[in-house]
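Below is one structure, written out as structure tokens, with a few remarks after it.
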Amino acid sequence: MSKEFRPWKIDEAQLLPASVQDYVPKDHLSRLIVALVREELDLSAISGSYRSVLGQPPFDPRLMTALLLHGYASGLYSSRRLARAAVERADFMMIVAGDPPDFRTISEFRRRHLKGLAGLFVQVLKLAEKAGLVKLGHVALDGTKIKANASKHKAMSYERMKRREAELAAEVERWLKAAEAADREEDRRHGDKRGDELPDWVADKAKRLEKIRRAKAELEAEAAAAAAAERRRREQAEAERKAKGRKKNGRTPAPPKAEPDGKAQRNFTDPESRILKTKDGYIQGFNAQAAVDGTAQIIVAHDLVASQSDQDQLVPLVDDIERNLGRKPKQASADAGYLSEANLAALADRDISAYIATGRAKHPGAAKREITGPLTRAMRDKLKRARWRSRYRLRKQIVEPVFGQIKQARGFRQFLLRGIDKVKAEWALICTAHNLTKLAGTP
């Protein structure tokens, strides 16, 4: 007796659902995003930019915004992958209602409205607070290094720039002299052309020379600005010392160098990105920052810098929390990268209980280096007294899983855009999408 199977009705005509939304389960993330875009989010910053009545009607900004937000929440970031999903996946087909935009339209919409899309972060955050997912009882801060849309092999040090600039300038100069000496031969060979057109190999080197000179000038300008700032700081400190009548101790420090360090680098693809050290080696990238609430792992503030250090990001992040939600967290935890006397004092001034590791060790209160600051010593003692009961233990289980969900679960490993302002906006989109998944109850 042969086994019977369910009939495969691939050729059978079917009645279509009454609505495109019937294709998607009622508790699906895409339905939540569509509902928020249509009923809750204020898109006037985006829709208000459409004024001309000429040309074909553009796609509805609500459709395009929902498509991008659902893409980022689903781990689809490139415009080509989003356009493909709009004709292959039921959840994306539901959002575009059977009228999919092509990848150029998606890319142009994101480029044109990047600032407005980044501004949706605060609106989604307030919706999460309204839903009871944000309490600000304990907030954990951390940073993660993410690759830029640039190769680290396209970077060059200042010392090598100076050598290569001279080499390229000499090569181009030699060719120009040879071309000038052979004018008659060039006229005969090239006819109506001038005969002094740069061949491809010289044009490429001329472009390379221009890039090197531009990057070299930027490094020199940065070094000069840093030296001027350091001189002003020293003059202010000296004036304060004289006003208070204190004696001058130690040797006079060497004057700040106005020339860049020979190892200072600049990337030609994305000059605003930097070489950053990670546990897996060095990358060309940015340092993405997030402050995460302990109730439901909602990101309550974010930032992005082109710097290895986290230390200068603690106070701006904490102040952004108050700016976004109108109130301060009760407690804040962070790893040793955020530790400084100034940061501990800033948290105390804001009446926020701090839990910041005093050393990069297994236990947050352990520190191999000598601790001299009174606030740092008090923090070490505070963490040691509480031991495993310390509120610092919450840091790893609050903020680190968020980066795992963004980079591992949703596969965001590299920025698509270039330039720090655009990359900041892209990071805001990533954080917004993360909060949307938490609103929907998905990881």
- For Leu133, net neighbour charge (Lys/Arg +1, Asp/Glu -1) across residues whose Cβ lies under 12 Å away: +2
- For the range 79-131, which whole-number percentage of the solvent-accessible area (1.4 Å probe, protein heavy atoms only) is attributable to carbon and sulfur atoms? 48
- Task: Using only protein heavy atoms and a 1.4 Å probe, report how much of Leu429 is accessible, in Å² to the nearest 10.
- Result: 0
- FRET efficiency, Gln408 to Tyr282 (Cβ-Cβ, R0 25 Å, nearest 0.05): 0.75
- With Ala83 itself left out, Lys, Arg at +1 and Asp, Glu at -1 over residues whose Cβ is under 9 Å from its Cβ give +3
- Shape of the range 1-87 from its Cα gyration tensor (a ≥ b ≥ c, root eigenvalues): rounded if a/c is under 1.5, otherwise prolate when a/b > b/c, or oblate? prolate
- Task: Per residue of the range 390-401, in order, report the coupling 6.51 cos²θ - 1.76 cosθ + 1.60 (Karplus, θ = phi - 60°) as ³J(HN,Hα) in whole Hz, putting x for Gly and Pro.
- Result: 4, 5, 4, 4, 6, 4, 5, 7, 9, 8, 5, x
- Note on the structure: Output ordering of 392-402, 285-295 (per-residue mean of other Cβ within 10 Å, highest first) is 285-295, 392-402
- So how far, in whole Å, is the C-alpha centre of the range 296-326 from the one of the range 413-443? 14
- Neighbour-limited loop hits for trypsin sites (Lys or Arg not before Pro), the range 45-134 (at most 10 other Cβ within 10 Å; DSSP other than H, G, I, E, B): Arg51
- Task: Take the solvent-accessible surface of the protein heavy atoms, probe 1.4 Å, and return the percent of it on the range 30-76 that carbon and sulfur atoms account for.
- Result: 52
- Message: Placing one identical point scatterer on every Cα of the range 233-358 and ignoring solvent, what is log10 I(q)/I(0) from the Debye formula at q = 0.09, 0.10, 0.14, 0.20 Å⁻¹?
- Response: -0.42, -0.52, -0.89, -1.14
- When the chain is fully extended, how far beyond the present Cα-Cα distance does Val20 get from Ala131, taking 0.36 nm per residue of separation? 37.2 nm
- Query: For the range 38-147, what is the accessible area per residue in Å² when the probe is 1.4 Å?
  - Reply: 50
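The values are calculated or read from the model by the stated rules, or taken from the named source; none is laboratory data. It should be emphasised that the depicted structure is a prediction, and the values quoted were computed from it without experimental measurement. Here the Cβ is made from the backbone with ideal geometry for all residues, glycine too, and neighbour counts use every protein chain on show. For the accessible areas, the whole protein counts, side chains as well, though only heavy atoms, and no ligand, DNA or RNA atoms are used. Shrake-Rupley method; radii C 1.70, N 1.55, O 1.52, S 1.80 Å.
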